[in-house]
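**Q** Handing you a structure now.
The values are calculated or read from the model by the stated rules, or taken from the named source; none is laboratory data. Only a predicted model underlies this, so the values are computations on that prediction, with no experimental measurement involved. Using ideal geometry, Cβ is built from the backbone for each residue, glycine included, and neighbour counts are taken over all protein chains shown. The protein model used for the area step is the full one, side chains on, heavy atoms only, and it has no ligands, DNA or RNA in it. Shrake-Rupley method; radii C 1.70, N 1.55, O 1.52, S 1.80 Å.
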Amino acid sequence: WDRCQMLSIKGINKTVGQEQQAGMKEKQVLEDLEMHVARRETEALFQEQPETGNQYLEDTLLRSYLKTHLPPKVLEEVHRDLERFGNRLLTKIQPLSWECELNPPVFQQYDAWGRRVDHIHTCSAWRRMKEISAEEGLIAEAYERRYSNWSRLYQAVKLYLFSSSSGGFSCPLAMTDGAAKVIESLGIPASLKNAFGRLTSRDPEKFWTSGQWMTERRGGSDVANGTETVARKQPDGTYRLYGFKWFTSAADSDVTLTLARIADAEGQCTQGSRGLSLFFLRVRDEEGKLNNIQVQRLKDKLGTRQMATAELWLQGARAELISAEGRGVAAISNMLNITRIHNVIGAVASMRRMISLSRDYARKRMAFGKLLKDHPLHVQTIARMEVQVRGAFLLLMEIVRLLGLAETNLASEQEQLLLRLLIPVAKLYTGKQASAVAVEAMESFGGQGYMEDTGLPVILRDSLVLSIWEGTTNILSLDVLRSLAKSRGQVMAVFLSTVQKKLELASGTEELFLAVQRAREAIGSLQQFMAAVGSEQALSMELAARDFSYSLARIYTGRAAAGITEPWKGLGALLMEHAARPDASPTDVCAALRWCNQELCPVAVESGRGSYGGGAALQDSALVFGNS
């Protein structure tokens, strides 16, 4: 275009013939530009997009796990249903997921005539996700117990497949599952029978979802000191709740469980965790009006934008006390265990989704004269991520297997102790892994990974919350220490015994000899650390809590990614156990071997460096806050 302008300027003082000649040149340039633009508009897409097929059929690790563990009759039925579900996800549910992302909830505080309505508008795709969740029995499956102790594992597999295509609806499902678990643990009181039936229903017309209103202004994880909501008893035995809930996920849910402090006749409340009781409440009445609840605003979040998260005022909300007075924290612990397992499911699912897309892109993208799959360094990067998701997946399956045993009264005391330990370990570890894998996988797409319309940034944003929801890494690391202290060493003894048994099984496989040897060395280092720190101050163990929890995760499950940040390293027993099966594939053995070259017990290494003494704490403080 600049060239055209120059021709016109130069032609101003020329003769008529020269002007005609210049005009012809100008016309030719314009025609050339028009042809170039026309070509650009009709050119084909530059790059074929990465896609996945039936998630169940493409997940060889999932299928091999189910084949190994499920009874034949159960496997036959489950396989048929999961193949069908995988097709539904691909053709019907994934498009709805993108609609949920493009149409986030909108809050309408007043109507056109100034009346306060506090209405949260959600899109039709979000509401359809609720119906699908009921139809597929994503909550019901765990409580119907059609397959006895395998029902919980089967439910987890369906949630794992659903998660990355759920449009964020996996979050309200987590809380719904948690609420159903609490009600079941209370013996399903008569007053909650209808609610339990709806929370576990397969009928879309009857199905309810639940919230979990715990976070208040003064504290998130510190509910004992941060909960200010007050409950006042009414003559009919119900309670009215008054307070402010700072962060309520899935605020469009039908019901919720929440903590509050019961006021006595003088209006006084017991402080600390002993003053907290658990309440059940309907969010709206039969006419659809809010239960004396005001919505202050929707949260403007980095991710999970598909879901309405709100600040709520409880202004006399009618509620039912469902725990013993002052036993709210103990009663809601079942809910926390379930939602933390759902957090693990979401973490593993997001990692699997990103790696699947990365793998397909490597088969289609040309760079430097060949496909990405033919560049060894690129394939190595994806392989390292693949080992990570394999370990995370097997840890998830181990937890839900143990939970299924516990729910059907088939778990031994040792298995129940192990489950108590592994839930916080798995949640904290996979939460960190999910964001690390998302970042690494996004890079494998180059600049396209940074483009919003590819959908890849959505996966990254949504994964970042997984290390925060249901307890941060540090909070859960301290919870791991509490589980050890409460059991007076029994939990750790069970953990070590279980790992040793899995290693014994793997030791019969020649290819795994070095991996088994390395794992046993790690166990020895862990035992030495515990013996040494046992006589030291509590401060030392608190400083070691995160590294200690990482060590448990690495020894039990494992990771392999040399040169990557700390949570990626490790070795564990589950991958070796899976690789020791008679029909194990070379890929299974490779995954077990790959991670065994990493630091397996970081807590022992850091302890040897003096990272946990009182002097280390002072140094940390100086580094962060300065010498002053």
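**Q** Among (1) in a helix (DSSP H, G or I); (2) open to solvent by less than 20 Å² (accessible area, probe 1.4 Å), there is one condition Phe244 misses while meeting the rest; what is its number?
**A** Answer for Phe244: the failing condition is (1).
**Q** Being over 13 Å from Glu443 (Cα atoms) and either open to solvent by less than 90 Å² (accessible area, probe 1.4 Å) or among the basic types (Lys, Arg) (or both) is the filter here, so list the residues in the range 361-371 that pass it.
**A** Matches in the range 361-371: Arg363, Lys364, Arg365, Ala367, Gly369, Lys370, Leu371.
**Q** Something else now. From (1) open to solvent by 60 Å² or more (accessible area, probe 1.4 Å); (2) out of contact with any Asp or Glu (no Cβ under 8 Å at 6 or more places or on another chain); (3) part of a helix (DSSP H, G or I); (4) not aromatic (Phe, Trp, Tyr), pick out the condition that doesn't hold for Leu466.
**A** (1)
**Q** Quick one: how many residues across the range 188-205 are without any contact (Cβ under 8 Å) to a residue 60 or more places away in the chain and either buried (at least 22 other Cβ atoms within 10 Å of the Cβ) or not in a helix (DSSP H, G or I) (or both)?
**A** Of the residues in that region, 2 qualify.
**Q** While we're on this one: Of Ile382, Ile399, which residue is modelled with pLDDT of 95 or more and either buried (at least 23 other Cβ atoms within 10 Å of the Cβ) or of a type in the set (D, E, K, R) (or both)?
**A** Only one candidate qualifies: Ile399.
**Q** Could you check, for the range 355-368, whether at least one of its residues is on the phi > 0 side of the Ramachandran plot and modelled with pLDDT of 95 or more?
**A** Yes, the range 355-368 contains a residue that is on the phi > 0 side of the Ramachandran plot and modelled with pLDDT of 95 or more.
**Q** Could you list, in sequence order, the residues of the range 610-625 that are within 32 Å of the chain's Cα centre (by Cα) and not in a helix (DSSP H, G or I)?
**A** Within the range 610-625, Ser611, Tyr612 meet the criteria.
**Q** Of all residues in the range 43-80, how many are crowded, with 17+ Cβ neighbours inside 10 Å and either part of a loop (DSSP other than H, G, I, E, B) or among the charged types (D, E, K, R) (or both)?
**A** 5
**Q** Which one of Ser148, Ser185 is modelled with pLDDT of 95 or more, surrounded by fewer than 24 Cβ atoms within 10 Å (Cβ to Cβ) and either touching a strand residue (DSSP E or B) at 6+ places or on another chain (Cβ under 7 Å) or farther than 29 Å from Ile475 by Cα (or both)?
**A** Ser148
**Q** When you check Glu228 against the structure, is it farther than 22 Å from His121 by Cα, under 30 Å from the mean Cα position of the chain (by Cα) and open to solvent by 10 Å² or more (accessible area, probe 1.4 Å), yes or no?
**A** yes
**Q** Further question on the same structure: Determine, yes or no, whether Leu312 is open to solvent by less than 10 Å² (accessible area, probe 1.4 Å), touching a Phe, Trp or Tyr at 6+ places or on another chain (Cβ under 9 Å), in contact (Cβ under 8 Å) with a residue 12 or more places away in the chain and part of a strand (DSSP E or B). Before the answer, list the steps.
**A** Values: open to solvent by less than 10 Å² (accessible area, probe 1.4 Å): yes; touching a Phe, Trp or Tyr at 6+ places or on another chain (Cβ under 9 Å): yes; in contact (Cβ under 8 Å) with a residue 12 or more places away in the chain: yes; part of a strand (DSSP E or B): yes.
Answer is yes for this residue.
**Q** Look at the range 479-492 and say how many of its residues are part of a helix (DSSP H, G or I) and either polar (S, T, N, Q) or open to solvent by less than 60 Å² (accessible area, probe 1.4 Å) (or both).
**A** 9
**Q** Something else: Filter the range 81-93 down to the residues that are loosely packed, with under 15 Cβ neighbours inside 10 Å and either in contact (Cβ under 8 Å) with a residue 60 or more places away in the chain or hydroxyl-bearing (Ser, Thr, Tyr) (or both) and list them by number.
**A** Thr91
**Q** Say whether the condition of being of a type in the set (Ser, Thr, Tyr) and at pLDDT 95 or above is met by at least one residue in the range 339-351. Please lay out each step first, then the result.
**A** Within the range 339-351, the subset of a type in the set (Ser, Thr, Tyr) is 339, 350.
If we keep only those that are at pLDDT 95 or above as well, we get 339, 350.
Yes, the range 339-351 has at least one match.
**Q** Could you list, in sequence order, the residues of the range 124-163 that are outside any helix (DSSP H, G or I), in contact (Cβ under 8 Å) with a residue 40 or more places away in the chain and out of contact with any Leu (no Cβ under 9 Å at 6 or more places or on another chain)?
**A** Listed by number, the residues that qualify are Glu136, Gly137, Arg145.
**Q** Could you check the range 95-123 and list, in sequence order, the residues that are open to solvent by 50 Å² or more (accessible area, probe 1.4 Å) and assigned to a helix (DSSP H, G or I)?
**A** Answer for the range 95-123, where residues must be open to solvent by 50 Å² or more (accessible area, probe 1.4 Å) and assigned to a helix (DSSP H, G or I): Pro95, Trp98, Glu99, Leu102.
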